[in-house]
Amino acid sequence: MAAANTTENEAPLYTMTKPLAATNDFVVKFANVNGSGSASANGLFAKAVLRMGVPVGARNIFPSNIQGLPTWYEVRVNDKGWLGRRGGVDLMAAMNPQTWEDDVASIEPGGYLLYDSSKPLPASRFRDDVNVIGAPLTELIAAQFTNPRQRQLFKNICYVGVLAHLLGIETEVVKDLLRQEFKGKDKLIEPNFKAFEIGRAYAEASIAPIGLKLRRSDKVGDRIFVEGNDAAGLGAVYGGATFCAWYPITPSTSLAEAFQKYCNQLRVDADGKNRFAIVQAEDEIASIGMVMGAGWAGSRAFTCTSGPGVSLMTEFIGLSYYAEIPAVIFDVQRGGPSTGMPTRTQQSDILSCAYASHGDTKHPLLFPGNPTECFEFAAKSFDLADFFQTTIFVMLELDIGMQDWLTEPFKWDEKRTLNRGKVLSYEHLEQGVPFGRYRDVDGDAVPYRTYPGTHPTRGSYFTRGTSHDRDARYSEKGADYVEGMQRLLRKWETMKAHVPAPIRKDAKRRTPDGVIYIGSTDPAMEEALAILEEHGIHLDAMRVRAFPFCDEVFEFIRSHEQVFVVEQNRDAQLKSLLVNEGGVHPARLVSVLHYDGTSITARFIVKEITDKLKAGHAAAMPEGAK
């Protein structure tokens, strides 16, 4: 094995094995310490690649503490446009001694390791099948800056300079981004330029070329780079939301903050009056209670939370279902149970939200697959909540909510009007239109309602969580209770035609096997399907986007001998929902489960499906399930 760099001032590139060579198709990962200021520098790198016209999939993997624990930022560069995590690392920028061994171990054979060579490391710390790039970042920055905090921050910009030279990122692209980042803070621009140039110049003078290259492309197009929480916050504004009550919880807090940001831009009158209200409540129970009160009064209201918050909100959610009060809950899912993994992604709240509260309840769930759908589904959720007079869950995940995604620009039809549902006005009541709060007048099981104070003598009713008859009068008669509960089931059936329809993707050739998936699994699944096709494995695919499931979902299952259900939780919650709601024999559905808290990869999906196909699940299927 060639000796790794052991001097303080010299850091050549040692090629210990055949180096990886790729253009516009590789993974760069940054290993840092949380609180070191690395997030801005790492994001700068990803945006610079985008400015070069090359698509990226970026993932910020961060701890649940404030400072001191390890954090990573992974950037997949891919000219084909695959945005899911690939798995494996081609170039590791290892800046955290605490995670050194695991970081080095994750590099693909022939890959590259960039490290701070200011202090020598023994040869035993390196792998002989990885190419080592030493750069004395601490020394370089210390020679030019005296402030300790500046030294820490500019070290990050320095390694961006090294990578910019090695990979071929244009200098002016990075400088334009820095000018944009520090607009209005001119005194910060030049020091950042300087730190970047220090790293770039060192690499140019001292480091040999590597096999990973970035070349200008045109594959980004007009797509935008935005996180799902930000998109959902904007969608709530466009969807007519005027009230938000929330309690801080990772990973949903930035959604409420985005809503406030966009309300300040779009919901303030010329005279300076706010046309919105945002309350940070004392806890999750208070926040959902405020949302129910606002929804009952006619406001479009929502809260945002995660699994632990939903657990606390369930009694109020049951009130929404039974008293038929509109509300929207954005559930940005994370790892559970209990506190679980607060900063890791999962699809772990499917069952708890679908049947939230005691007694017999069912709640609509929307599953956006990217930030564009976060925007669209957020806006749509308020129409659905108003029309069906119930709680609508928008089921984001940390991987969508708190990560920046390359996504299609948001579109809005200026002619679109808000669907407030079946609301009787003063004029209706004045004309003597009969009103019974829970009567099925039109045959769709959706009753008419009134806003408080609409008419002085007509249209009023008592909203109660206890059992009631069709006119909202207290009743414990079994017949009245059954009538109301059956109408709620009929309303559930009506919803199927109104929630977002699934997206069907047929294989090139008809196949006995299919696959169903939801949410942030989409980009990895798209890539996995392409890889499987290349290897002669054809799968029809369906991305489910809402619960209740429409008939098309169960027709898809019936038309295949077996269907893989890919989801990111341990207990196959989506599969359980399909079995429970559609009477599907469990053996027809084959689970592919990923739940370690990281984003699912195409590599994982391909391996799991091919392994299960080889195991012959179809042959083992009971006769009654075929």
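Annotations
- Pick from the range 344-383, criterion crowded, with 21+ Cβ neighbours inside 10 Å and of a type in the set (Val, Ile, Thr), ranking: farthest from the chain's Cα centre (by Cα): ILE350
- Residue in the range 145-179 that is nearest to TRP72 (Cα to Cα), counting only those that are among the polar types (S, T, N, Q) and at pLDDT below 95: GLN152
- Which listed residue is in the same structural domain as ARG275 (by TED's automatic domain parsing) and part of a helix (DSSP H, G or I), from GLY199, GLY240, GLY235: GLY235
- Comparison of ILE207, ILE189, ILE141 shows that the only residue that is buried (at least 23 other Cβ atoms within 10 Å of the Cβ) and of a type in the set (A, V, I, L, M, F, W, C) is ILE141.
- Selection status of GLY88, surrounded by 17 or more Cβ atoms within 10 Å (Cβ to Cβ), closer than 26 Å to LYS18 by Cβ and either assigned by TED's automatic domain parsing to the domain that holds SER36 or over 36 Å from the mean Cα position of the chain (by Cα) (or both): no
- ASP551 crowded, with 17+ Cβ neighbours inside 10 Å and not small (Gly, Ala, Ser): no
- The range 218-242, subset buried (at least 22 other Cβ atoms within 10 Å of the Cβ) and touching a Gly at 6+ places or on another chain (Cβ under 6 Å), residue nearest to ALA46 (Cα to Cα): GLY228
- Hey, GLY336 without any contact (Cβ under 8 Å) to a residue 40 or more places away in the chain, of a type outside the set (Val, Ile, Thr) and touching a helix residue (DSSP H, G or I) at 6+ places or on another chain (Cβ under 8 Å) or not: yes
- Residues satisfying the stated conditions in the range 115-143, i.e. touching a residue at least 60 places away in the same chain (Cβ under 8 Å), part of a helix (DSSP H, G or I) and touching a strand residue (DSSP E or B) at 6+ places or on another chain (Cβ under 7 Å): LEU137
The values are calculated or read from the model by the stated rules, or taken from the named source; none is laboratory data. Everything numeric here is computed off the predicted structure, so don't read it as measured data. Because the Cβ atoms are built from the backbone with ideal geometry, glycine has one as well, and the counts that use them run over all protein chains shown.
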